[in-house]
Every structure is written in structure tokens, then in C-alpha cells.
Amino acid sequence: MSETSPAAKSFYVTTPIYYVTAAPSIGSAYTTVAGDMIARWHRQRGESVWYLTGTDEHGQKVLQAAEEAGQSPQDFTDGLVAREWQPVLDVIDASNDDFIRTTDERHTERVREFWQTLYDAGQVYEGTYEGPYCVACEEFKLPAELLDGADGQKLCPIHQRPVDQISESNYFFRLSEYADRLLALYEDNPTFVQPESARNEVIAFVKQGLDDLSITRSSFDWGIPVPWDEGHVLYVWIDALLNYATAAGYGTAPETFARTWPADVHLVGRDILRFHAVIWPAMLMAAGIDVPRQVFAHGWLLVGGQKMSKSKATAIHPSQVVDHFGSDAYRYYFLRAIAFGSDGSFSWEHMTAIYTSELANGLGNLTSRVTAMVCRYFDGVLPEATDHGPAEQALADQLAATVATAEAAVDRLALHEAIAATETYVGAVNHYLAEQEPWKVAKDDAARGRLATILFTAAESLRAVAVLHHAVMPKSSQQIWDALGAAAALGPLAEQRVGDAGRWGQLPAGVTITKGASLFPRLADNDD
Ligand code: MSP
């Protein structure tokens with residue numbers, strides 16, 4: 001894929017769109033940070049990338065939150081989006097290319113057209129829905145999956161809150177007709193649903209057979225009006241899922257849509273896997289649109305063993321963490337400390353430990369030692385490596401292997417493995433310095449060539465680390481790039497190809513090295 005060809009297919013990555021019921025939490029920001037690393041990594045491969053996020057604003061759950069706040073749902077969502085959901089993207093340094101709201105006209109009009117087309121094609125029929133519904137999930141539940149609560153109440157297995165019993169005249173989508181085609185999709189495209197545990201769960205679910213899906217609601221009106229029957233609104237999920245297509249130009253900008261669609265990866269939490277891996281592809285099949293290439297389900301951030309949640313007051317706002325550690329450390333921690341695809345627990349203690357050992361004492365200390373020594377012993381001019389021997393070659397070889405490992409890991413969305421590979425390499429460079437002891441070599445005037453070689457080797461390693469970590473820690477990587485004086489010789493950091501980062505000897509002797517501000521300062525003991 002080439003960035004010079006305007007017609008090249010974009011690498012299209014999405015987050016779920018977030019319910020605007022309250023402020024964001026580190027739970028919802030988790031998906032956005034992961035998507036951002038993937039988007040930045042692919043940009044650094046020279047691909048044209050489209051990274052989408054946004055907000056899900058219709059439905060009963062948002063309506064109830066607005067009512068509790070004493071506002072109309074439109075005013076309520078306008079306020080929260082402007083005050084919270086858009087600003088948080090800067091807080092976590094997200095590089096999204098677009099932000100879609102399901103109340104945008106570009107979305108609502110296309111959604112109506114989409115469902116009118118399916119209605120006209122006989123894919124929708126009128127019936128009655130009777131059964132349980134969880135407003136917190138905005139999901140029709142199967143009686144068999146409910147938990148028993150007190151007084152014979154039935155509880156949602158995810159929220160452990162009572163479900164509503166609904167009995168409404170609705171319209172239904174013929175989802176049951178798509179089970180075989182969906183199973184064939186999973187069979188023919190083993191990476192369509194990932195990781196494997198998610199894939200197995202989806203296959204087992206569809207093998208049980210699918211019920212038709214109720215796609216309208218008539219007991220409230222906060223939603224997109226059904227085009228053929230204005231007394232109903234569309235069920236929030238079948239409106240929300242279409243955001244991925246409407247934001248990419250479906251129905252309005254055919255050339256953009258052709259360049260962007262199908263999405264390369266939809267990132268979703270495991271709680272919303274079925275919507276994306278079952279209902280969404282069936283909707284697209286019914287409309288004759290290509291299905292996405294992959295749905296990847298990540299795990300939950302847990303507090304006390306349970307999904308962190310606003311309703312249980314266990315949610316932490318991203319700013320609370322970023323104010324203390326900075327946005328780079330925030331991104332690094334969540335992507336490095338939790339295996340992408342598994343659940344993980346956040347704790348301040350764990351984050352402090354990782355920050356101190358891997359960032360402050362690891363990468364930060366390495367950068368400041370190397371730049372300080374080049375300044376002190378070579379007046380800030382990077383010397384030539386005249387004595388490249390086995391120890392240096394071992395680091396060069398390890399770097400090449402690190403880049404290959406990281407690239408393959410990102411392809412599998414094992415984001416934590418890519419970061420771990422770079423972190424291991426940083427450790428190896430620190431180890432090299434500890435063994436070579438340049439501060440002792442510096443005392444021997446006859447060993448200038450050796451000293452030059454050691455410092456060149458460490459600086460060249462840092463050059464590669466800046467490229468490898470750029471998708472994870474854009475600000476600190478830029479600081480490293482600046483301290484190395486790399487831009488003058490190699491160009492902007494963002495234009496360095498990640499696949500080329502392992503080629504040894506790119507930073508030329510003679511560049512001006514400066515000792516910048518500390519990358520990861522010591523944490524304040526008490527900042528409240
Ligand atoms: N609005 C729907 C998604 C529609 S997509 C067409 C929705 N919104 S949500 O705000 O409830 O959740 C959005 C995403 O945030 C989900 O992927 C969910 O898994 C993720 N997270 C919310 N809390 C989370 C944690 N505590 N941990 C990890 N991710 C979590 O569902």
C-alpha cells in the first residue's frame with residue numbers, strides 16, 4: 001500500500017461508540033488508547049489510515065440519564081460530548097481522524113435509508129416482542145442467561161441488575177436466516193473474530209440457532225424514527241452499528257466509502273462481541289455490503305474482580321491518572337500491563353511500580369545517561385563507532401529481532417507483546433552500558449575509540465527505540481528524537497518506517513546531541 005496513491009485502500013480501525021450517560025472512565029478510554037496505538041503503528045508503516053471513534057446517543061439508557069439530569073436528551077448529550085467526550089481524546093493523546101455522533105444528520109439520514117431498503121427487500125416484518133431486556137446493556141436477553149436475584153427477580157449477568165419484561169408490538173429483522181452464512185464466514189475467515197476464545201464463543205452461540213431480532217421500540221421516542229412507521233424508533237444497536245459505515249461515507253461519498261470500507265478491525269470489549277460478530281455482519285449481508293475484516297474483543301478493566309463501571313462508582317476518570325503520570329505513561333501502562341484480549345486490574349500501586357522500573361529507571365534513565373555522556377565527553381557531537389565488535393553486533397542483531405517480533409505482534413493485535421519486545425531491548429541496552437562502563441573508559445585517553453563506539457551504539461539504539469515506541473508514547477519518543485538531533489539527519493520521527501527501524505547505523509556521526517528535560521520525572525510523593 002502506498003501513501004502516494006490516493007486510491008489506495010485505507011487501513012480502517014474503529015472503537016465502539018460510547019454511551020453518553022456520564023463522563024468517560026479509564027474503562028472506556030482503554031479501547032480508544034488501543035485503537036490509537038494500532039492507528040499510529042500503521043501510519044508509521046506508510047499506510048493511509050482512518051481511525052474512527054465517537055458517541056452513541058440514542059436509546060433508553062441515555063434517555064434515562066438525561067431525565068435524571070433534568071435535561072432533554074439532545075441538550076444532555078450535546079453538553080457531555082462537548083465538556084467530556086471530545087476533550088478526553090486530547091487528554092489521552094488520541095489521533096482519531098473523525099468523531100461521529102449518532103445524532104449527526106450524516107448518520108441519522110443514512111440509517112433510515114439503510115433500514116428502508118431492508119424493509120423494501122422483505123428483510124423486516126411486524127410482530128410482537130415479549131421477553132427480558134437489560135437497559136444497561138440495551139440488549140434483549142435470553143431467559144436462560146439470566147441470574148436469579150432476590151424475591152424471584154431476574155438479573156442481567158453483566159450488570160447484575162434486574163431486567164425489564166417487555167411486551168411490545170415491534171418490527172423484526174430476519175436474523176435467523178443468516179446463521180449458516182455467518183458460520184461459513186467464521187469458518188472461511190478464521191481471523192474474522194479474534195482472539196480464539198472470542199471466536200469460539202461466537203461460533204457456539206450461532207450454532208444454537210438465531211432468533212429474529214426486534215429492531216424497533218415504541219415505548220419511548222429518543223431514537224431515529226422508523227421511516228415506514230413514525231410511531232416507532234429504531235432499536236439503538238441497529239442504529240449505532242451503522243456508524244462505522246455512515247462515518248466512512250456510506251450513502252453520501254461513494255469514493256471515500258470505496259477507499260475506506262471494509263473496516264480492517266473493529267475493536268470491541270467482550271461485552272459487545274455478539275453485536276459486532278453476529279448482528280452487524282448479518283445486517284451487512286442483508287444489504288449486500290462487504291463485512292468487516294476483523295472484530296477483535298478485548299477484556300475488561302476490573303476493580304475488585306468486577307468490570308469497572310460508572311453505575312457501581314468504581315470508574316476513574318482518565319484525567320486523574322494522566323495528571324499524575326502524564327499521557328505517555330498512561331498509554332504505556334494500559335497497553336503494556338494488560339494482555340490485549342484478557343481482563344486486567346488497574347491499581348495505582350501497580351502503575352507506580354511499572355512507571356518507576358520501566359519508564360523512569362529504564363528508558364528515561366538510559367536516555368539521560370547517553371545524552372549526558374555524549375555532551376560531556378564529545379561536546380554534544382555524536383562520534384563515529386570505530387571499534388564495532390561482538391558486543392555491539394549482538395545489540396544490532398537483537399534490535400533486528402525486536403523489530404520483527406514487534407511487527408508480528410501488532411499484526412496479531414498482541415499489543416502488549418510488541419511493547420514488551422521494545423522494553424526488553426531497552427533493558428539490553430542498559431545492560432550493555434553497565435557492562436561496558438563508558439564512565440570508566442572515559443578516564444583512559446588511549447581508549448577514545450572504544451568510548452566513541454559505546455556511546456554511538458547506545459545512541460543508535462535509542463534512535464530505534466524512539467521509532468518503535470512512537471505509536472505508544474508519541475511525546476517521549478519525540479523528546480528522544482529531538483535530544484538525538486535525529487530530525488536534521490533522518491527527517492521527522494513520524495516519517496520513520498517502523499519496518500526499517502532495525503537497520504543498524506542510521507544515525508550518522510556528527511549529529512548534535514543535547515540533554516533535554518527528564519522524560520519520566522520522579523513522581524511527587526504527595527500531590528493532593
Ligand atoms: N454504545 C455501545 C457500543 C456501540 S458500538 C456500535 C456501548 N457503549 S459503552 O460505553 O457501554 O462501552 C463502550 C466500550 O467501552 C465497550 O467496548 C466496552 O467494553 C468498553 N468498556 C467500558 N467499560 C470498560 C471496562 N471497565 N474495561 C474495558 N472496557 C470497557 O457498549
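The figures follow:
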{"quantity": "The chain - charge dipole about Cα centre, Lys and Arg +1 at Cβ, Asp and Glu -1, debye rounded to 20", "calculated": "1400"}
{"quantity": "Ellipsoid equivalent to the chain - semi-axes via the Cα gyration tensor, in Å", "calculated": "49, 24, 20"}
{"quantity": "Leading residue at positive end of dipole, the chain (Cβ point charges), from Pro87, Ala353, Gly389", "calculated": "Gly389"}
{"quantity": "Size-normalised alpha-carbon gyration radius of region 61-131, reference 2.2 N^0.38 Å", "calculated": "1.54"}
{"quantity": "Point-charge dipole on Cβ atoms (K/R +1, D/E -1) for region 46-167, about Cα centre, debye to 20", "calculated": "260"}
{"quantity": "Hz values of 3J(HN,Hα) by residue in region 327-342 - Karplus curve (6.51, -1.76, 1.60), Gly and Pro given as x", "calculated": "6, 5, 5, 4, 4, 4, 4, 5, 7, 8, 8, 10, 4, 5, x, 10"}
{"quantity": "Value of Rg/Rh across region 211-326 [Cα atoms, Kirkwood radius]", "calculated": "1.05"}
{"quantity": "Rough spin-label spacing in nm, given labels placed 7 Å along Cα→Cβ, for His431 and Trp348", "calculated": "3.5"}
{"quantity": "Cα point-scatterer Debye curve for region 300-443, base-10 log of I(q)/I(0) at q = 0.10 Å⁻¹", "calculated": "-0.48"}
{"quantity": "Hydrodynamic radius by Kirkwood, which averages 1/r over all alpha carbon pairs of region 341-390, in angstrom", "calculated": "13.9"}
{"quantity": "In Hz, Karplus ³J(HN,Hα) per residue of region 185-192 (6.51, -1.76, 1.60; θ = phi - 60°; x = Gly, Pro)", "calculated": "4, 5, 5, 6, 10, x, 9, 4"}
{"quantity": "Charge sum, other residues only, whose C-beta stays under 13 Å from Ser218's C-beta, Lys/Arg counted +1 and Asp/Glu -1", "calculated": "-4"}
{"quantity": "Linear extension gain, Ala400 paired with Asp180, 0.36 nm per residue minus alpha-carbon span", "calculated": "74.7 nm"}
{"quantity": "The chain - Cys residues lacking any other Cys C-beta under 4.7 Å", "calculated": "Cys375"}
{"quantity": "Whole-Å semi-axes of region 473-528's equivalent ellipsoid (Cα gyration tensor)", "calculated": "28, 14, 9"}
{"quantity": "Under the Karplus curve 6.51 cos²θ - 1.76 cosθ + 1.60, θ = phi - 60°, whole-Hz ³J(HN,Hα) for region 427-437, x wherever Gly or Pro sits", "calculated": "x, 5, 5, 4, 5, 4, 5, 4, 6, 7, 6"}
{"quantity": "Residues whose placed amide H lies under 5 Å from that of His232, excluding near-sequence neighbours", "calculated": "Val226"}
{"quantity": "Estimated [θ] at 222 nm from DSSP helical runs (n ≥ 4, -39500 (n - 2.57)) normalised by residues in the chain, nearest 500", "calculated": "-13000 deg cm²/dmol"}
{"quantity": "Region 64-119 - charge dipole about Cα centre, Lys and Arg +1 at Cβ, Asp and Glu -1, debye rounded to 20", "calculated": "200"}
{"quantity": "More than 17 angstrom apart: percent of Cα pairs within region 247-305", "calculated": "48"}
{"quantity": "Distant-in-sequence amide H partners of Val295 (H built 1.01 Å from N, under 5 Å)", "calculated": "Val193, Gln194, His266"}
{"quantity": "Rg to Rh quotient for region 83-186, alpha carbon positions, Kirkwood Rh", "calculated": "1.07"}
{"quantity": "Value of Rg/Rh across region 91-148 [Cα atoms, Kirkwood radius]", "calculated": "1.14"}
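We did not get these values from a lab; they are worked out from the coordinates using the rules stated. The structure displayed is predicted, hence computed values, not measured ones. Cβ atoms come from the backbone with ideal geometry, glycine included; neighbour counts cover every protein chain shown.
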